[in-house]
Amino acid sequence: MLIIVGIALAILGYLYLSSHNELYRRYEVQLEELEIPTGQAAVAEGERLARIRGCFWCHGADLEGQQYFAEADRGIIVVAPNLTAKIREYTPAEFARAFRHGVKRDGTSVQPAMPAFAYYNMSDADTAKLIAYVSSLPEKEGFEGEFRLMPLGWYRWWAGRLPPNAAELIDHDAPRPDPAVGADPVARGRYLAESICTECHGDNGRLRVPNTPDLVVAAAYNRDDFFRLMRTGVPVGERKIDYHMVDVSKYRYTAMTDEEIDALHSYFRSLAGITDLQPAVGESRPN
């Protein structure tokens with residue numbers, strides 16, 4: 001009996017050390033200095049960008065942090081940190097590195113739940129406005145971030161059944177496109193898709209929403225139907241789709257401009273080889 005207990009404890013110890021060492025490995029990523037804008041217009045735009053990218057979704061209505069995920073039967077607890085406190089602990093460059101590279105100030109990765117692989121694609125200008133907004137908020141009492149594995153979680157991490165570190169999924173030296181408003185609509189749409197849609201529809205092996213379709217399917221939508229999908233989550237034919245798309249459309253994508261949705265539509269149509277990227281004349285757009 002003692003031998004069996006000893007073996008069990010040894011296995012648990014091995015699983016714990018394996019998951020712990022991997023979870024807390026350190027990454028060498030250089031800081032990138034940003035010029036943070038001032039003024040109400042920049043702050044307001046930063047708030048809009050934060051809503052579209054889902055910051056409130058995970059970090060709470062006031063970005064004070066919240067328990068995002070806790071399931072004992074899956075061996076994992078995830079608590080999104082209080083950003084109104086983190087913005088005061090981090091320099092703007094450190095905050096940008098955590099946001100876009102998934103690397104905290106101590107060199108370890110942010111939580112696997114953080115879609116830094118999508119936010120890596122955000123431009124310096126957009127990232128700086130988002131930081132300007134978070135910096136403008138008063139500090140609130142909230143939650144310290146936490147990603148905790150219980151014994152079953154140790155096994156699931158070792159077995160590759162949990163997403164890897166957020167920082168592990170990023171090519172930290174990849175070029176970062178920065179198409180401005182008014183740029184070529186396909187390039188603008190690609191920028192938006194890579195920094196927004198890839199959170200769920202990416203091909204990085206770490207989808208938070210299983211069975212999400214290839215983005216090229218949106219090429220089949222006309223302009224009216226695509227606007228309705230993005231504003232309400234209702235697809236062509238009133239089909240039933242994953243609730244996540246419905247929720248993000250109503251809560252996040254309503255903050256997108258018509259120009260942004262048109263650019264996304266142009267990009268998705270280009271994926272299908274459609275060269276006529278102009279929407280049909282006279283099509284109305286849902287409010």
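The values are calculated or read from the model by the stated rules, or taken from the named source; none is laboratory data. Note that the structure is predicted; figures quoted are calculated from it, not measured. Neighbour counts run over all protein chains shown; Cβ positions are idealised from the backbone, glycine included. For the accessible areas, the whole protein counts, side chains as well, though only heavy atoms, and no ligand, DNA or RNA atoms are used. Shrake-Rupley method; radii C 1.70, N 1.55, O 1.52, S 1.80 Å.
Taking the dipole about the Cα centre of the stretch 65-112, with the C-beta of Lys and Arg at +1 and of Asp and Glu at -1, give me whichever of Leu83, Ala96, Gly107 is farthest to the positive side. Most positive-ward Cα: Ala96. Summarising the amide proton neighbourhood of Tyr68: residues at separation of 5 or more, or on other chains, whose placed amide H is nearer than 5 Å comprise Val78, Val79, Ala80.
Between Thr108 and Tyr27, the built amide H atoms are under 5 Å apart, and every one of these is 5 or more places off in sequence or on another chain. Its relative contact order, with pairs defined as Cα atoms under 8 Å and 6+ residues apart, puts the stretch 112-236 at 31 percent. Surface composition of the stretch 24-68: carbon plus sulfur atoms hold 44% of the accessible area, using a 1.4 angstrom probe and ignoring ligands, DNA and RNA. Rolling a 1.4 Å probe over the protein heavy atoms gives the stretch 82-194 an accessible area of 43 Å² per residue.
Expressed as a whole percent, the accessible surface of the stretch 99-256 that belongs to carbon and sulfur atoms is 54, based on a 1.4 Å probe. When you filter the chymotrypsin sites (Phe, Trp or Tyr not before Pro) in the stretch 83-173 for DSSP loop state and at most 15 other Cβ atoms inside 10 Å of their Cβ, nothing is left.
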